[in-house]
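> Before anything else, here's the structure in question.
The values are calculated or read from the model by the stated rules, or taken from the named source; none is laboratory data. These numbers come from a predicted model, not from an experiment. For neighbour counting, all protein chains shown are included, and Cβ atoms are generated from backbone atoms with ideal geometry for every residue, glycine included. Remember, those area values only see protein heavy atoms, side chains included, never the ligands or the DNA or RNA. Shrake-Rupley method; radii C 1.70, N 1.55, O 1.52, S 1.80 Å.
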Amino acid sequence: MTDGSQGAPAQGAPSVSAPGILTFIIADVTIFGVLFVAFMVERSHQVPLFNQSSSSLDVRLGLLNTLVLMTSGLFVVLAVLAAGQGRASVTRQWLLASFVVGAGFGINKLIEYGDKFAHGINLLTNDFFMFYFVLTGVHFVHFLAGMVVLALLWFRTRGEAVDGPLFGWIESGALYWHMVDLLWIVIFPMLYLLGSR
Amino acid sequence: MNHTSPAQAIRVWLFLVAATLCSGWLGEHHGFAGRWTAVAVMFVAALKGRAVILYFMELKGAPRGWRVAFELWVWLLPALIVALWAMSGGA
């Protein structure tokens, strides 16, 4: 503990109420890390192809998606803070805001996939796009799971005290949602920005 | 405790937005930083990841083990990506 208070946990400290979810997150991001390294190793064998393929990605869409996840992440932080203070209606508002903004990522990603498919680009086009679809696809599944979690929390917080037993669930859901953001923070520059355009 | 306050969370978000826009601009204008673009965008990614784990995930106040594990990931992965990028000719 940075402040030396190892005893009674303060409400909301992820270290205390959510070791399970933190274990899951560190395992999950480590698996993603292996995929990142595999991508870079494969890239090193086919640099021109990977850079050429990467340059066909829409940086603006990737940027927008980064901003969407970060903003949604901020709203989840505010939801957790409100829950810690027992403010149920404020918690629900922030959870809803996080869900609505977060949905933008899904819409954006579907537009991006649709554009690629419309141009005849898919998983089998080349090794870059194989990694592109697998990495962003697995991340997208994590994103969808996060959206389900946000929706479930929103329903559960209706009529139940947010600073009681439910708090741990809100906090765990929030940590998971931040993981989706954290992964995209690395995926975006690695896939979209490494090669010259 | 080291709780992230709403004002602190908003400051972190502003940093994340600014950093994202900077790296996006650098990525689209490779001429500006040249070969250093890849290093710059991955360094920014590490800084952003660190801001998320420390303030959004509140690991700043977590036991040292958790913080170290996540900080390792946040620095090691971008460093590995840059190393592999450099080993493949830095292109």
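> What pairs come out if I take residues in segment A:39-51 that are closer than 13 Å to A:Leu194 by Cβ and facing chain B (nearest Cβ under 8 Å) and pair them with residues that are part of a helix (DSSP H, G or I) and open to solvent by 50 Å² or more (accessible area, probe 1.4 Å) whose C-beta lies under 7 Å away, six or more apart or interchain?
A:Ser44/B:Met87
> Please state which one of A:Ala97, A:Ala38, A:Ala103, A:Ala79 is within 17 Å of the chain's Cα centre (by Cα), surrounded by fewer than 16 Cβ atoms within 10 Å (Cβ to Cβ) and of a type in the set (A, V, I, L, M).
On the way: A:Ala97 fails: surrounded by fewer than 16 Cβ atoms within 10 Å (Cβ to Cβ); A:Ala38 fails: within 17 Å of the chain's Cα centre (by Cα); A:Ala79 fails: surrounded by fewer than 16 Cβ atoms within 10 Å (Cβ to Cβ).
None of the others qualify; the one that does is A:Ala103.
> Among the residues that make up segment B:5-20, is at least one of them at the interface with chain A (Cβ under 8 Å from one of its Cβ atoms), open to solvent by 60 Å² or more (accessible area, probe 1.4 Å), at pLDDT 95 or above and under 14 Å from A:Met70 (Cβ atoms)?
yes
> Go through segment B:22-51 and report how many residues are open to solvent by 10 Å² or more (accessible area, probe 1.4 Å) and within 7 Å of chain A (Cβ to nearest Cβ).
Going through segment B:22-51 one residue at a time, the tally reaches 2.
> Then there's this: Taking B:Lys60 as meeting all but one of (1) open to solvent by 20 Å² or more (accessible area, probe 1.4 Å); (2) free of Cβ contacts under 8 Å to residues at least 40 places away in the same chain; (3) on the phi < 0 side of the Ramachandran plot; (4) within 8 Å of another protein chain (Cβ to nearest Cβ), write down the number of the exception.
(2)
> Okay, next question. Which condition breaks for A:Gly146 when tested against (1) under 20 Å from A:Pro189 (Cβ atoms); (2) open to solvent by less than 70 Å² (accessible area, probe 1.4 Å); (3) touching a residue at least 40 places away in the same chain (Cβ under 8 Å); (4) of a type outside the set (Lys, Arg)?
Of the numbered conditions (1) under 20 Å from A:Pro189 (Cβ atoms); (2) open to solvent by less than 70 Å² (accessible area, probe 1.4 Å); (3) touching a residue at least 40 places away in the same chain (Cβ under 8 Å); (4) of a type outside the set (Lys, Arg), the odd one out for A:Gly146 is (1).
> Quick check: is even one residue across segment A:112-127 open to solvent by 70 Å² or more (accessible area, probe 1.4 Å) and among the small types (Gly, Ala, Ser)?
Yes, because at least one residue in segment A:112-127 is open to solvent by 70 Å² or more (accessible area, probe 1.4 Å) and among the small types (Gly, Ala, Ser).
> On to the next question. Only residues that are at pLDDT 95 or above and either more than 17 Å from the chain's Cα centre (by Cα) or open to solvent by less than 40 Å² (accessible area, probe 1.4 Å) (or both): list them for segment A:1-35, please.
A:Ile25, A:Ile26, A:Asp28, A:Val29, A:Phe32, A:Gly33, A:Val34
> Now, a different point. Find the residue count for segment A:52-76, including only residues that are crowded, with 21+ Cβ neighbours inside 10 Å and closer than 30 Å to A:Pro165 by Cβ.
Residues that pass the stated criteria total 7.
> Could you tell me whether any residue of segment A:174-194 is open to solvent by less than 10 Å² (accessible area, probe 1.4 Å), at pLDDT 90 or above and not in a helix (DSSP H, G or I)?
no
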